[in-house]
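Student: One structure follows; several queries about it will come next.
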Amino acid sequence: PAPTPPLPPPAAARRPVAREFSGITLSDDYAWLENPRDPEVIAYLEAETAYLDQVLAATGDLRGRLHQELMARVQRTDMRVPVRIDDVYYYIRTEAGRDYDILCRRVGSIEAPEQILLDLNEMAGDYLRLGMWQPSPDHHYLAYTLNETGGLAYTLRVLDMSNGETLPERIPASPWGIAWADNARLIYTGQDAALRSCAAILHDIGADPAADRLLYREDDEVFSLYLHPSADREFLLLFSGSMDSSEVRYVPLTTPEAPLTLFAPRQKDVIYSLEH
């Protein structure tokens, strides 16, 4: 039989879309590729995959051997340095033959019995990545973000560490910031339609996320918003940052709905951070 003709390299169609950033209008020829559910996007990605498989077909055995050789040099059963918060030690470990991390803690001493909080191996589907995680001040709850798509979309969840049960709320969130105002209120960063981290939002544990309150929104699309508590838990720090500029707002952590204070306004070519 005649050999199968080589596939032509896929070429994505150009469909210009005008976008404005900080007063500058740019043309994005490939904005249409942002929708992962568009049948045309899926067809294009399938064509890219088929072309890649064809080009690399002759290297299949070599790739397999290289993968095995690299994996043989990785310490598969390992534990990261524990993080001590009060008298509780939190750490992530891995096990040989399992692909995902295991988040654990020991209460009172590093020699205390281990409590497995999140075993991503038991939770994973096609893909799973643990983003940020933060225990409540009394170590009863664990707030954490999960990525199940491989993209920029994360979901905020809350674990009751006393019984291992996950609370029902599933909140779309950015991985760039979690802070507990107290043992029952959580502040997280929300995303816009382009999945830019842009909002600080207050959530009451166990409540409907539809009732969450907006604390601050970064409207400039060039800037992203990040948040965290100060090291002494006195203040909530909100960082608005771009490639060449930043500014920080702050508010007492226990009263996050109070007016924010701007430390220094953003100016071009000045990047700063803040700690209390």
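The values are calculated or read from the model by the stated rules, or taken from the named source; none is laboratory data. Small disclaimer: the values here were computed from a predicted structure and weren't measured. FYI the Cβ positions are ideal-geometry reconstructions off the backbone, even for glycines, and counts take in every protein chain you see. For the accessible areas, the whole protein counts, side chains as well, though only heavy atoms, and no ligand, DNA or RNA atoms are used. Shrake-Rupley method; radii C 1.70, N 1.55, O 1.52, S 1.80 Å.
Student: Here is a list: Ala31, Ala57, Ala2, Ala18. Which entry is at pLDDT below 95, exposed (fewer than 10 other Cβ atoms within 10 Å of the Cβ) and touching a strand residue (DSSP E or B) at 6+ places or on another chain (Cβ under 6 Å)?
Tutor: Ala18
Student: In addition: Please go through (1) in a strand (DSSP E or B); (2) open to solvent by 30 Å² or more (accessible area, probe 1.4 Å) for Ser109 and return the number of the only condition it doesn't satisfy.
Tutor: With respect to (1) in a strand (DSSP E or B); (2) open to solvent by 30 Å² or more (accessible area, probe 1.4 Å), Ser109 is out only on (1).
Student: Kindly list, by first and then second residue, each pair from a residue in segment 200-226 that is among the hydroxyl-bearing types (Ser, Thr, Tyr) to a residue that is open to solvent by 70 Å² or more (accessible area, probe 1.4 Å), limited to pairs with Cβ atoms under 8 Å and residues at least 6 apart or on different chains.
Tutor: Listed by first residue and then by second, the contacts come to Ser224/Trp176; Tyr226/Trp176.
Student: Suppose the filter is at pLDDT below 95, more than 27 Å from Thr94 (Cα to Cα) and either in contact with an Asp or Glu (Cβ under 7 Å, 6 or more places away or on another chain) or open to solvent by less than 10 Å² (accessible area, probe 1.4 Å) (or both); does Arg185 pass it?
Tutor: No; evaluated as a whole, the condition is false for this residue.
Student: Ok, one more. Any idea how many residues of segment 20-34 are more than 24 Å from Gly150 (Cβ to Cβ) and not in a loop (DSSP other than H, G, I, E, B)?
Tutor: Number of matching residues: 6.
Student: For the structure I just gave you, tell me whether Tyr100 is in contact with a Pro (Cβ under 6 Å, 6 or more places away or on another chain) and surrounded by 13 or more Cβ atoms within 10 Å (Cβ to Cβ).
Tutor: no
Student: Quick test of your reading of the structure: Ser197 fulfils all but one of (1) under 25 Å from Ile92 (Cα atoms); (2) within 11 Å of the chain's Cα centre (by Cα). Name the failing condition by number.
Tutor: Of everything listed in (1) under 25 Å from Ile92 (Cα atoms); (2) within 11 Å of the chain's Cα centre (by Cα), Ser197 misses just condition (1).
Student: Pairs only if they're at least six apart or on different chains, beta carbon under 8 angstrom, first in segment 35-63 and closer than 17 Å to Pro9 by Cβ and in a loop (DSSP other than H, G, I, E, B), second open to solvent by less than 70 Å² (accessible area, probe 1.4 Å) and of a type outside the set (Gly, Ala, Ser); list them, first residue then second.
Tutor: Pairs that qualify, where the first residue is closer than 17 Å to Pro9 by Cβ and in a loop (DSSP other than H, G, I, E, B) and the partner is open to solvent by less than 70 Å² (accessible area, probe 1.4 Å) and of a type outside the set (Gly, Ala, Ser): there are none.
Student: Separate question: From the residues in segment 64-76 that are open to solvent by less than 80 Å² (accessible area, probe 1.4 Å) and part of a helix (DSSP H, G or I), which one is modelled with the highest pLDDT?
Tutor: This residue is Gly64.
Student: Now for a different question. Checking the condition modelled with pLDDT under 95, closer than 24 Å to Gly190 by Cα and assigned to a loop (DSSP other than H, G, I, E, B), which residue from Gly131, Gly150, Gly97 passes?
Tutor: Gly150
Student: Which of the residues spanning segment 123-152 are aliphatic (A, V, I, L, M), surrounded by fewer than 19 Cβ atoms within 10 Å (Cβ to Cβ) and free of Cβ contacts under 8 Å to residues at least 24 places away in the same chain?
Tutor: Across segment 123-152, the qualifying residue is only Met123.
Student: Residue check: is Thr155 in contact with an Asp or Glu (Cβ under 8 Å, 6 or more places away or on another chain) and either at pLDDT 95 or above or surrounded by 15 or more Cβ atoms within 10 Å (Cβ to Cβ) (or both)?
Tutor: Here the answer is yes, as Thr155 does meet what is asked.
Student: Also, I was wondering about something else. If you check every pair at least six apart or on different chains, which have Cβ atoms under 7 Å apart with a residue in segment 102-118 that is free of Cβ contacts under 8 Å to residues at least 40 places away in the same chain first and a residue that is among the small types (Gly, Ala, Ser) and in a loop (DSSP other than H, G, I, E, B) second?
Tutor: Taking only residues 6 or more apart or on different chains, the pairs are Arg106/Ala112.
Student: Could you check segment 189-206 and list, in sequence order, the residues that are modelled with pLDDT of 95 or more and closer than 12 Å to Val158 by Cα?
Tutor: His203, Asp204, Ile205
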